[in-house]
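Any read-out appearing in this document is the output of simple, stated calculations on the displayed coordinates, not a laboratory observation. Predicted model, so just to flag it, every value in this text is computed and none were measured. Here the Cβ positions follow ideal geometry from the backbone for every residue, glycine too, while neighbour counts run over all protein chains shown.
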């Protein structure tokens, strides 16, 4: 028996879950897939008084088409999302990213919303939400609200989520039919968190980039939108894209750090290379460089 | 600290029990029900030794709470072989190809591979082999260097033993 003692409750609705979270006054922790929470409990790094299991709330699961986009219910298992036809059709880059989330044996429990709410800076799902311009749907006893993913993450494992709030879904806006997806991850072993990763989408109209959404993971304290690179790409004809320059702008937006996996300098170097290579391959741009 | 009554079916046998909320599924299987074939290694989801089947899906039993399996169907390594002792194809392949040495990690590996075999039953041999190999990224084996396990996966994928496998042994 490794975790410190706690009470366990299994609410049947979002309203009930929110009420429990409000009454616990910050002493409660939500368990969805548990693939990060239970290790933290086992190591006693997390010692909540109450663990609120949201797996009994049917309405939290499932993927649906909504006005102007696709919604993933927060409780949707990563394995189910990975095999979902709607997602494959409308958000192929999310499916590509999901294949790198944890392992076969953790995706059976791990949820999309759990990964979003945790805010691990080197994780794929938060960065994909940032890149694609997703909205995070949040509920509490005070009502519901939607926060753009680009404003949701404030630090490592830190989000704007209040202790009494619950992530209920992620809304991804539609990208034009036939848009390009960008995904590349450098990790020591499959299933490890990324040393450096890149995820995004590009829409092209009449030979020029019409819309760009690109984000880094493992390149700073949060997932980081490559704002300058996006701005440089939008409106530029494919033939006129200076891939190396855009890659430098993208890396300039990042804030990599030294840790026992890699130095900041290494991450910058790898970031530069994978950004340029991914962009070139995706748009089939031949560069003199 | 709450306690909860649960009912689970393990390898076809129904069990009713009371569990403390903080009890992991792995600990419950071992200490509560005596299914000691499930091995707890790291207990934080990294090594894969404790993997069991919950409602058909491969799950880390150290990362699930016992209270969460109320009403579930669980298969552990003890339930993989036929009642008459005939080994599951995964167990047979691991045995045929020296896919284990000390055996600590083997129950988890066998369960994962059995889950993939079930899911990929209709897939071509290449797709099945890829899925089996990918599932192995969730397991750590410190004895075999994975060569025997890799050969077992080739056998499960329908490959005939070939020259390159003899090479792999050497």
Check: Among helices (runs of 4 or more DSSP H) lying entirely in segment B:80-147, which contain 3 or more residues that are under 27 Å from residue B:12 (Cα atoms) and in contact with a strand residue (DSSP E or B) (Cβ under 6 Å, 6 or more places away or on another chain)?
Finding: B:106-119
Next item on the list: Could you grab me the full set of residues in segment A:1-16 that are more than 7 Å from chain B (Cβ to nearest Cβ), buried (at least 17 other Cβ atoms within 10 Å of the Cβ) and in a loop (DSSP other than H, G, I, E, B)?
Entry: A:10, A:11
Notebook entry, point to check: Using beta carbons and a limit of 6 Å, which pairs, at least six apart or on different chains, have the first residue in segment B:141-152 and in contact (Cβ under 8 Å) with a residue 60 or more places away in the chain and the second one in a loop (DSSP other than H, G, I, E, B)?
Noted result: B:152/B:97; B:152/B:99
Notebook entry, point to check: Tally time: how many residues in segment B:58-68 are under 13 Å from residue B:109 (Cα atoms) and out of contact with any helix residue (DSSP H, G or I) (no Cβ under 6 Å at 6 or more places or on another chain)?
Noted result: 1
Checklist line | Meets criteria (more than 10 Å from chain A (Cβ to nearest Cβ) and more than 17 Å from residue B:12 (Cα to Cα)) for residue B:73 | finding: no
Note to self: Tally up the residues in segment A:47-72 that are within 13 Å of another protein chain (Cβ to nearest Cβ) and either closer than 25 Å to residue A:89 by Cα or outside any strand (DSSP E or B) (or both), please.
What the structure shows: 6
Check: What is the one condition in (1) closer than 18 Å to residue A:42 by Cα; (2) in a strand (DSSP E or B) that residue B:53 does not satisfy?
Finding: (1)
Item checked: Subset of segment A:251-280 that is within 20 Å of residue A:204 (Cβ to Cβ) and in contact (Cβ under 8 Å) with a residue 40 or more places away in the chain - its residue that is surrounded by the most Cβ atoms within 10 Å (Cβ to Cβ) -> A:275
Next item on the list: Please determine, by comparing only the residues of segment A:17-46 that are assigned to a strand (DSSP E or B) and more than 8 Å from chain B (Cβ to nearest Cβ), which one is nearest to residue A:75 (Cα to Cα).
Entry: A:30
Margin query: I need a count of the residues in segment B:48-65 that are buried (at least 24 other Cβ atoms within 10 Å of the Cβ), more than 7 Å from chain A (Cβ to nearest Cβ) and within 22 Å of residue B:12 (Cβ to Cβ).
Written below: 4
Item checked: Among the residues listed as B:27, B:3, the single one being out of contact with any helix residue (DSSP H, G or I) (no Cβ under 7 Å at 6 or more places or on another chain) and buried (at least 17 other Cβ atoms within 10 Å of the Cβ) -> B:27
Next item on the list: Filter segment A:104-136 down to residues that are out of contact with any helix residue (DSSP H, G or I) (no Cβ under 8 Å at 6 or more places or on another chain) and either assigned to a loop (DSSP other than H, G, I, E, B) or without any contact (Cβ under 8 Å) to a residue 40 or more places away in the chain (or both) and give me whichever is surrounded by the most Cβ atoms within 10 Å (Cβ to Cβ).
Entry: A:109
